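Engineer: One structure is given below, represented as structure tokens, and several questions about it will come after.
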Amino acid sequence: MENRVDSNNLPSEISVWTKIRNFLFQDMTLELTPKQEKVFQEVHDFWTQEITGQKVHDFLFYEITGEKVKNALFKEIEITDNIRL
């Protein structure tokens, strides 16, 4: 007995689900500018950084003083680009 595929059993048209699957899983190529690559690398480094118990403790028990709040609220903002409003 031969193991051959009967061509009569193949679907005559592509189903909707096959079209959706082909659309969702198509190959994509992204070309990023150097600035975009830098941002993606910084985000990757942030999400993959090592978290230790000491870092969690330091974050949870960070001392907040009036001076630190004042410095955060009244920090000088430097505009580095020509922005038009």
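Engineer: Where the only charges are on Cβ atoms (+1 Lys, Arg; -1 Asp, Glu), what is the dipole of the chain about its Cα centre, to the nearest 20 debye?
Structural biologist: Numbers: 10 positive and 15 negative charges, 56 e Å.
Charge dipole of the chain: 260 debye, to the nearest 20.
Engineer: From the helices alone, meaning DSSP H stretches of at least four residues, give me the mean residue ellipticity at 222 nm for the chain, per-run term -39500 (n - 2.57), in deg cm²/dmol to the nearest 500. Intermediate values should be presented prior to the final figure.
Structural biologist: Working: 4 runs with 39 residues, N = 85.
So the calculated ellipticity at 222 nm is -13500 deg cm²/dmol.
Engineer: Please compute the length gained on full extension between Ile20 and His57, using 0.36 nm multiplied by the number of residues separating them and subtracting their Cα-Cα distance.
Structural biologist: On the way: separation 37, 0.36 × 37 = 13.32 nm, distance 4.70 nm.
Difference between extended and current length: 8.6 nm.
Engineer: Now a separate question. Can you give me the P(r) profile for the chain? Cα pairs, bins 10 angstrom wide beginning at 0, each as a whole percent.
Structural biologist: Once binned at 10 Å, the Cα pair distances of the chain give 10, 14, 23, 17, 13, 11, 7, 5, 1.
Engineer: From the residues Phe25, Phe46, Val56, which one has its Cα farthest along the dipole of region 21-64 in the positive direction, the dipole being from +1 and -1 charges on Cβ of Lys/Arg and Asp/Glu about the Cα centre?
Structural biologist: Phe25
Engineer: Which one, Gln49, Gln41, Gln26, has the greatest fluctuation when you compute a Gaussian network model over the chain with C-alpha springs under 10 angstrom?
Structural biologist: Answer for the Gaussian network model of the chain: Gln26.
Engineer: Here is a follow-up. Of the accessible area of the chain, with the probe set at 1.4 angstrom, what percent is carbon plus sulfur? It would help to have the intermediate numbers written out before the result.
Structural biologist: Details: 5730 of 9910 Å².
Carbon plus sulfur share of accessible area: 58 percent.
Engineer: At 1.4 Å probe size, with every protein chain present, just tell me what the per residue accessible area of the chain comes to in Å². Before the final figure, lay out the partial values.
Structural biologist: Numbers: 9910 Å² over 85 residues.
It amounts to 117 Å² per residue over the chain.
Engineer: While we're here: Once you have the Cα-Cα distance between Ile77 and Thr48, take 0.36 nm times their residue separation minus that, and quote the gain in nm to one decimal.
Structural biologist: Details: separation 29, 0.36 × 29 = 10.44 nm, distance 2.96 nm.
Difference between extended and current length: 7.5 nm.
The values are calculated or read from the model by the stated rules, or taken from the named source; none is laboratory data. Predicted, not measured: the structure shown is a model, and the values here were computed from it. Positions of Cβ are generated from backbone atoms using ideal geometry, with glycine treated the same way; all protein chains shown enter the neighbour counts. When the accessible area is computed, the model is the full protein with side chains, heavy atoms only, and any ligands, DNA or RNA have been set aside. Shrake-Rupley method; radii C 1.70, N 1.55, O 1.52, S 1.80 Å.
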